[in-house]
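S.K.: Have a look at this one.
The values are calculated or read from the model by the stated rules, or taken from the named source; none is laboratory data. Keep in mind the model is a prediction, meaning the values are calculated, not measured. Positions of Cβ are generated from backbone atoms using ideal geometry, with glycine treated the same way; all protein chains shown enter the neighbour counts.
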């Protein structure tokens with residue numbers, strides 16, 4: 001008779017690695033390269049919050065060229081920023097506060113355009129429009145509204161009692 005042993009609980013550091021890999025795997029589903037999503041995830045949970053390119057490379061097992069390219073793109077997008085210390089020649093990167101909202105805002109703008117196109121399609125189709133086109137417009141409008149409310153709520157100062 002064999003008794004199954006419970007899985008050992010992962011060490012505290014392992015939760016970070018699991019988070020990075022899980023979020024990295026989702027990157028392609030949302031149109032973000034896996035390496036970029038892994039770097040974003042790493043920068044979200046790493047300790048210390050400031051990481052050198054070498055630290056990112058070692059933690060994620062990425063090539064120097066991959067880390068350089070991804071960090072350059074993330075800096076240009078305003079998602080991470082360069083940080084230097086007077087006593088150290090190495091440049092470090094850290095996640096910019098609120099940087100996860102930039103891609104959400106971009107999606108919100110795209111949803112708005114999709115909703116407008118669907119609305120124009122409905123208007124052009126007139127009596128020939130059916131539930132499929134109306135459903136497309138309604139779906140885009142719903143998600144645009146939900147994302148807009150989310151972003152507005154996140155921008156509200158803490159402790160604000162302003163209604164949604």
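S.K.: Which of the residues spanning segment 78-108 are under 20 Å from the mean Cα position of the chain (by Cα) and surrounded by fewer than 12 Cβ atoms within 10 Å (Cβ to Cβ)?
M.R.: Residues satisfying the conditions are 78, 82, 97, 98, 106.
S.K.: If you take just the helices (runs of 4 or more DSSP H) that sit entirely in segment 32-134, which of them hold at least 2 residues that are more than 28 Å from residue 14 (Cβ to Cβ), modelled with pLDDT of 90 or more and not assigned by TED's automatic domain parsing to the domain that holds residue 145?
M.R.: Helices (runs of 4 or more DSSP H) meeting the threshold: 64-76.
S.K.: Would it be correct to say that residue 131 is more than 30 Å from residue 49 (Cα to Cα) and in contact with a helix residue (DSSP H, G or I) (Cβ under 7 Å, 6 or more places away or on another chain)? Break it down stepwise before answering.
M.R.: Numbers: more than 30 Å from residue 49 (Cα to Cα): yes; in contact with a helix residue (DSSP H, G or I) (Cβ under 7 Å, 6 or more places away or on another chain): no.
The answer is no for residue 131.
S.K.: Got at least one residue in segment 58-75 being touching a helix residue (DSSP H, G or I) at 6+ places or on another chain (Cβ under 9 Å) and within 27 Å of residue 148 (Cβ to Cβ)?
M.R.: Within segment 58-75, one or more residues are touching a helix residue (DSSP H, G or I) at 6+ places or on another chain (Cβ under 9 Å) and within 27 Å of residue 148 (Cβ to Cβ).
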